[in-house]
Amino acid sequence: MSDVITPAVEVKKSHKLWGGRFGTGPTAAFDALNNSIGIDFRLWPYDIRLSKAWAVALWGANVLTLDESKELERGLDAVAARLDAGEQPQASDEDVHTLIDRLLHEEIGDVASKLHTGRSRNDQVATATRLWTMDATQRLDSAVRMLQQSLLDQATTVETALMPSYTHLQRAIPVSAAHWLLSHFWPLERDRARLKAAQRSAAVLPLGSGAVAGCAYPISRVLLQGTLGFDAISPNSIDAVSDRDFIAEVLFTSTMIGVHLSRLAEDLIIYGSSEFGFVQFGEGYTSGSSMMPQKRNPDALELARGSAARMLGNLTSLLATLKGLPSSYNKDLQDDKRTLFDATDTLLLVLPAVAGALAECTFRRDRMQSALSSTMMATDLADYLVRKGATFREAHGAVGKLVRESESTGVEMQSLPFASFTAAHRLFAADVSDALSPAQSVAHREVEGGTGPVAVRAQIEAARVVLLPPPTPRSSNAAV
Ligand code: ARG
């Protein structure tokens with residue numbers, strides 16, 4: 001490992017935004033640790049945007065002439081065109097800000113050196129990351145919405161099919177399959193509200209905060225805010241260069257989305273097993289086995305379930321970083337983007353895959369129906385007795401006896417002799433057979449949010465309304 005500590009002289013010629021006070025400069029080993037270009041390169045469209053706005057702000061503050069400001073804008077456009085055309089960073093570029101500064105010098109020469117007046121990479125990176133996040137939350141919102149649409153489409157298709165609901169993964173009470181599907185719709189709606197809140201937190205402008213104490217030139221932050229599309233201006237420069245709450249909020253939201261995806265995936269995986277057989281997977285999001293020819297494995301769903309762990313890892317990583325810091329900017333913060341980008345990239349892969357995997361699922365009404373054993377109507381039988389005047393406790397006990405008899409004799413409840421019913425409770429009459437029908441059980445639950453057919457229709461309608469307005473993009477610059 002003797003080649004790890006390379007003499008600094010080898011990297012001395014690289015373009016840096018600092019170095020005047022250094023004699024020999026950094027080692028290659030330090031550069032390898034310190035350089036973040038491999039992570040933050042994707043911020044370039046946002047860094048260009050904020051730099052153009054900064055060039056105008058410097059003119060407004062009489063720091064630059066109009067010509068200089070225009071030259072900087074032109075140069076930044078030229079840099080953007082080169083990057084857009086696929087120009088890649090050099091290994092010696094420290095980070096995206098340094099890369100753009102180097103290219104800007106190549107494009108317009110010395111006047112490029114005037115752009116960094118009054119700003120620091122501390123307020124710069126915070127601004128670029130916020131702009132990126134404002135767009136990313138929009139992309140995440142669209143991806144979540146797509147999955148909601150998939151759930152709604154399937155719910156509409158299977159609306160009248162009945163299936164068991166489960167608590168403790170034990171058969172509980174019959175529900176409509178649409179009701180179960182939509183139980184995965186609403187958590188995603190809450191996630192979208194969280195995304196919106198995180199987006200609002202991101203939309204606070206840090207630019208103008210300098211390294212920590214604010215900018216020493218009279219730049220108009222109001223103008224910067226308007227030009228860059230922020231909702232507000234940060235009220236404290238020390239806070240502004242270290243505030244990563246918005247990233248924590250995105251990561252928490254991503255974790256919740258991951259948890260919700262995991263639960264949906266787990267339901268589908270269980271229901272797709274031969275033992276349940278409620279769901280048949282399609283071919284587009286499954287894989288085979290290299291050994292067992294019969295296998296069709298729900299890999300996309302399993303990967304979605306697994307990705308929730310990564311989201312949680314990213315969230316805890318960022319929170320642990322923030323927890324250890326003194327106020328203002330510290331280099332630990334450079335790693336914020338690793339977690340933010342990983343969570344976003346992962347979800348943008350996983351969400352469409354789950355939406356697609358769900359869309360190609362076929363729901364087996366026959367298998368769902370045949371899983372509705374008569375003991376699942378025990379609650380309905382107790383409710384039957386209550387409607388006839390029994391107390392619920394008394395009814396619960398009487399039906400419990402019938403369940404025991406059914407279990408010990410192996411006879412389904414609807415096939416028990418009528419005498420067993422009257423022996424269990426005197427209020428049982430001939431109409432008891434109605435209370436043993438899954439359709440009746442479902443039909444009784446028309447309370448708002450219940451599984452009754454009218455309530456579910458209303459729920460489907462409500463879900464449809466939620467998806468009606470197309471998301472309006474916050475910003476036209478949607479580059480990654
Ligand atoms: N690459 C750095 C980051 O992502 C930019 C800010 C550097 N600031 C500094 N004071 N060295 O955090």
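The values are calculated or read from the model by the stated rules, or taken from the named source; none is laboratory data. Keep in mind that what you see is a predicted model, and the values were worked out from it rather than measured. Neighbour counts run over all protein chains shown; Cβ positions are idealised from the backbone, glycine included. In case anyone asks, the SASA skips ligands and DNA or RNA and just uses the protein heavy atoms, side chains included. Shrake-Rupley method; radii C 1.70, N 1.55, O 1.52, S 1.80 Å.
Count charges around I247 for me, please; just the other residues with Cβ under 12 Å from its Cβ, Lys/Arg as +1, Asp/Glu as -1. Charge balance in the 12 Å sphere: -2. Residue order by solvent-accessible surface for H444, H396, H116, H425 is H396, H444, H116, H425, largest first, with ligands and nucleic acids left out and a 1.4 Å probe. Taking the Cα centre of the chain as origin and assigning +1 to Lys and Arg Cβ atoms and -1 to Asp and Glu Cβ atoms, the resulting dipole is close to 760 debye. Each Lys and Arg contributes +1 and each Asp and Glu -1, all at the Cβ; summed about the Cα centre of region 341-432, the dipole is approximately 500 debye.
Most tightly packed first, judged by the mean number of other beta-carbon atoms within 10 Å of their residues, the peptides 350-358, 194-202 read 350-358, 194-202. Solvent-accessible surface of protein heavy atoms, probed at 1.4 angstrom with all chains present, puts R310, R364 in the order R310, R364, largest first.
Determine how large the accessible area of W186 is when every protein chain is in place; take a 1.4 Å probe and give Å² rounded to the nearest 10. Result for W186: roughly 70 Å² accessible. Rounded to the nearest 0.05, the FRET efficiency derived from the C-beta distance between D345 and L169 at R0 = 30 Å is 0.35.
At 222 nm, what value in deg cm²/dmol follows for the chain if DSSP H runs of at least 4 each add -39500 (n - 2.57) and the sum is divided by all its residues, to the nearest 500? Value at 222 nm, helices only: -18500 deg cm²/dmol. For T160, the shell of other residues with beta-carbons less than 13 Å away shows a net charge of +1, using +1 for Lys and Arg and -1 for Asp and Glu. Relative to the longest principal axis of the Cα atoms of the chain, the long axis of helix 121-157 lies at roughly 20 degrees. Taking every protein chain into account, the accessible area of region 319-425 amounts to 49 square angstrom per residue (probe 1.4 Å). Convex hull volume per residue, computed on the Cα atoms of region 319-477, equals 259 Å³. Using the average count of surrounding beta-carbon atoms within 10 Å as a protection proxy, the listed peptides 340-346, 224-230 rank, highest first, as 340-346, 224-230. Rolling a 1.4 Å probe across the protein heavy atoms gives region 22-113 an accessible surface of 41 Å² per residue. Rg/Rh for region 188-228 stands at 1.20; both radii use Cα atoms, and Rh follows the Kirkwood definition. One-quarter of the Cα convex hull surface for region 272-319, in nm²? Value for region 272-319: 4.9 nm².
Its Cα gyration tensor gives region 123-238 an equivalent ellipsoid. The semi-axes, each the square root of 5 times an eigenvalue, are 47, 14, 9 Å from largest down. Cross-link partners of K388 among lysines, defined as those whose alpha carbon lies under 30 angstrom from its own and excluding same-chain residues fewer than eight positions apart: K401. The charge dipole of region 354-395, taken about the Cα centre with unit charges on the Cβ atoms of Lys, Arg (+1) and Asp, Glu (-1), comes to about 80 debye, rounded to the nearest 20.
Once both axes come from the Cα atoms, what is the angle between helix 185-202 and the longest principal axis of the chain, in degrees from 0 to 90, rounded to 10? Between helix and principal axis, roughly 20 degrees.
In percent, how large is the relative contact order of region 247-381, given Cα pairs closer than 8 Å and 6 or more residues apart? About 36 percent, as a whole number. Scaled against the 2.2 N^0.38 Å expected of a compact globular protein of N residues, the Cα radius of gyration of the chain reads 1.34.
Once the gyration tensor of the Cα atoms in region 5-107 is diagonalised, the equivalent ellipsoid follows with semi-axes of 28, 17, 11 Å, ordered largest first. Estimated from the Cβ-Cβ distance and a Förster radius of 41 angstrom, the FRET efficiency linking K388 and E461 is about 0.75. Can you tell me the 0 to 90 degree angle between the C-alpha axis of helix 96-108 and the longest principal axis of the chain, rounded to 10? With both axes taken from Cα atoms, the answer is about 40 degrees.
Inter-part distance, region 177-210 to region 356-435, computed on C-alpha centroids, equals 42 Å. Expressed as a whole percent, the accessible surface of region 249-288 that belongs to carbon and sulfur atoms is 53, based on a 1.4 Å probe. Count Lys and Arg as plus one, Asp and Glu as minus one, and take only other residues whose Cβ is under 14 Å from that of L33; the net charge is then -3. Beta bridges from DSSP with both residues in the chain: antiparallel share about 80 percent, rounded to the nearest 5.
A Cα-only calculation for region 224-265 places Rg and Dmax at 15.5, 44 Å.
So for the chain, averaging the separation of alpha carbon pairs under 8 Å that are six or more residues apart and normalising by length, what relative contact order in percent results? Result for the chain is 16 percent. Shown are I460, I233, whose ranking by accessible area with a 1.4 Å probe and every protein chain present, most to least, is I233, I460.
Placing pseudo-labels 7 Å out from each Cα toward the beta carbon at Q294 and T160 gives an inter-label distance of 3.4 nm.
Which lysines have a Cα lying under 17 Å from the Cα of K323, excluding residues fewer than 8 positions away in the same chain? Here the lysines satisfying the reach criterion relative to K323 are K331, K337. Could you count how many Lys pairs in region 11-151 have their Cα atoms under 20 Å apart, skipping same-chain pairs fewer than 8 positions apart? Step by step, the pairs that qualify in region 11-151 add up to 4.
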